[in-house]
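These notes are about the structure you will find just below.
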Amino acid sequence: GRELPQPLVGAAAGVAFYGSTLPIDRVKTIMMTQDLLKPRFASPVDCARDIYLHQGVRGFYRASLPTLLRTACGQAVALTVYGFLR
């Protein structure tokens, strides 16, 4: 069969992995940056619910494009180098 180019496969793998973890990271970031004396959210579940209710699924991926682009580039290089070294 025909193989896909390693950089493309690496980029896709990186985006797939980070795409699946970005919602958790978004909730974590919001929880860590809220006011300690007057927290807006009582729990991560409360935070996730608020994001979903006010912004929908897209809210979990807000401002994630730079992260996904960086990951795609890094993983494309990493898999290509791995392929040359193995």
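The values are calculated or read from the model by the stated rules, or taken from the named source; none is laboratory data. Since the model is a prediction, treat every value here as computed from it, not as a measurement. Cβ sites come from the backbone with ideal geometry, for glycine too, and all protein chains shown count toward neighbours. Areas reflect the complete protein model, heavy atoms only, side chains present, ligands, DNA and RNA absent. Shrake-Rupley method; radii C 1.70, N 1.55, O 1.52, S 1.80 Å.
Of (1) open to solvent by 50 Å² or more (accessible area, probe 1.4 Å); (2) part of a helix (DSSP H, G or I); (3) of a type in the set (A, V, I, L, M, F, W, C), A42 satisfies all except one. Which? So the condition that A42 fails would be (2).
To keep it simple, each residue is scored yes or no on (1) hydrophobic (A, V, I, L, M, F, W, C); (2) touching a residue at least 12 places away in the same chain (Cβ under 8 Å); (3) touching a helix residue (DSSP H, G or I) at 6+ places or on another chain (Cβ under 7 Å).
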| position | (1), (2), (3) |
| --- | --- |
| G1 | no, no, no |
| A11 | yes, yes, yes |
| Q34 | no, no, no |
| P39 | no, no, no |
| H54 | no, no, no |
| V57 | yes, no, no |
| R70 | no, no, no |
| G74 | no, yes, yes |
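Scanning the range 22-38 for residues that are open to solvent by less than 70 Å² (accessible area, probe 1.4 Å) and over 20 Å from the mean Cα position of the chain (by Cα) returns a single hit, Q34.
Answer with yes or no whether G19 is in contact (Cβ under 8 Å) with a residue 60 or more places away in the chain, surrounded by 11 or more Cβ atoms within 10 Å (Cβ to Cβ) and either among the small types (G, A, S) or farther than 30 Å from E3 by Cα (or both). Taking the combined requirement at face value, the residue does not satisfy it. P7 - would you say it is free of Cβ contacts under 8 Å to residues at least 60 places away in the same chain, within 23 Å of C73 (Cα to Cα) and either outside any helix (DSSP H, G or I) or not polar (S, T, N, Q) (or both)? The answer is no for P7.
Of the residues in the range 54-70, not one is of a type in the set (A, V, I, L, M, F, W, C), more than 14 Å from L22 (Cβ to Cβ) and at pLDDT 95 or above.
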